[in-house]
Each structure stands twice: as structure tokens, then as C-alpha cells.
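What follows is a single structure, written as C-alpha cells, with notes after it.
The values are calculated or read from the model by the stated rules, or taken from the named source; none is laboratory data. From a predicted model like this one, the values you see are computed outputs, not experimental measurements. Neighbour counts are summed over all protein chains in view; Cβ atoms, including those assigned to glycine, are modelled from backbone coordinates with ideal geometry.
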């Protein structure tokens with residue numbers, strides 16, 4: 001075989017075998033980083049909500065309404081209508097009309113016991129201004 005044919009074969013092997021495998025590893029690493037960044041954002045959003053930031057309360061309420069997490073890392077926040085109602089109501093108390101609608105919609109479908117528990121959480125809620133080492137998202 002000539003040198004040109006060998007060189008061409010090596011290039012083809014690299015292009016069709018090695019390059020796709022390398023690309024796959026890079027894409028998986030990027031996905032893992034993205035998922036980790038999403039969870040970090042959710043953790044900081046949870047801290048801000050607990051500290052009294054009403055915009056963060058609205059976002060965290062959506063996390064609790066729909067669930068939030070990562071299948072890749074295994075960290076999940078399961079849907080919890082009691083906490084969702086609490087955070088939507090807290091955000092609504094600052095004039096967030098969308099949060100008020102969401103809280104009202106949740107209240108229609110919540111069992112009376114859960115609704116009473118959520119209203120009690122709202123009534124007794126105080127901002128958590130102390131730094132927290134493990135935000136609620138990892139629960």
C-alpha cells in the first residue's frame with residue numbers, strides 16, 4: 001500500500017470511529033454541567049425565596065408546583081402543592097397578580113387539610129436571613 005492510502009485510511013478511521021466517540025463524551029460532559037448549573041440556580045433561588053425575595057418566591061412556587069430536578073444527577077424536588085401554595089401566596093402579597101391566580105387555582109384542587117396547612121405556613125412564615133448550607137432543593 002502506498003503512503004497516501006495509509007494516510008487516507010488513518011484519517012477515515014479517526015473521522016468515523018474516534019471523532020464520534022470523543023464528541024459523545026464532550027456532549028455528555030456539557031449536559032452534566034448544564035444540569036448541575038440548573039440545580040445550583042434552583043438552590044440559590046430557594047435561598048432567596050426563604051430570605052423574602054418575592055420574585056424568587058414566585059419561581060420556587062413553580063418548582064414546587066411542577067417538580068424540578070435532574071435525571072442526570074438524581075437530585076429532584078418533587079411536586080408539593082402545600083409549599084407551592086405558600087410561595088405563590090407570599091409572592092402575591094407583594095402584588096404579583098400571576099402568583100395570586102396560581103395560588104387560587106391550586107386552592108381549588110387541594111384537599112381542605114392541605115389547604116389549611118398551607119395557609120398556616122403562610123401565616124407563620126418569617127424570612128430566613130441566616131445563611132443555609134443545604135438549600136431546600138436537595139431535600
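List of remarks:
- Selection status of residue 87, closer than 21 Å to residue 40 by Cα, in a helix (DSSP H, G or I) and at pLDDT below 90: no
- Condition met for residue 15 (part of a helix (DSSP H, G or I) and either at pLDDT 80 or above or touching a helix residue (DSSP H, G or I) at 6+ places or on another chain (Cβ under 9 Å) (or both)): no
- Within the range 68-84, tally of residues that are closer than 19 Å to residue 111 by Cβ and either part of a loop (DSSP other than H, G, I, E, B) or at pLDDT below 85 (or both): 3
- Where residue 95 falls short, out of the listed (1) part of a helix (DSSP H, G or I); (2) surrounded by fewer than 15 Cβ atoms within 10 Å (Cβ to Cβ): (1)
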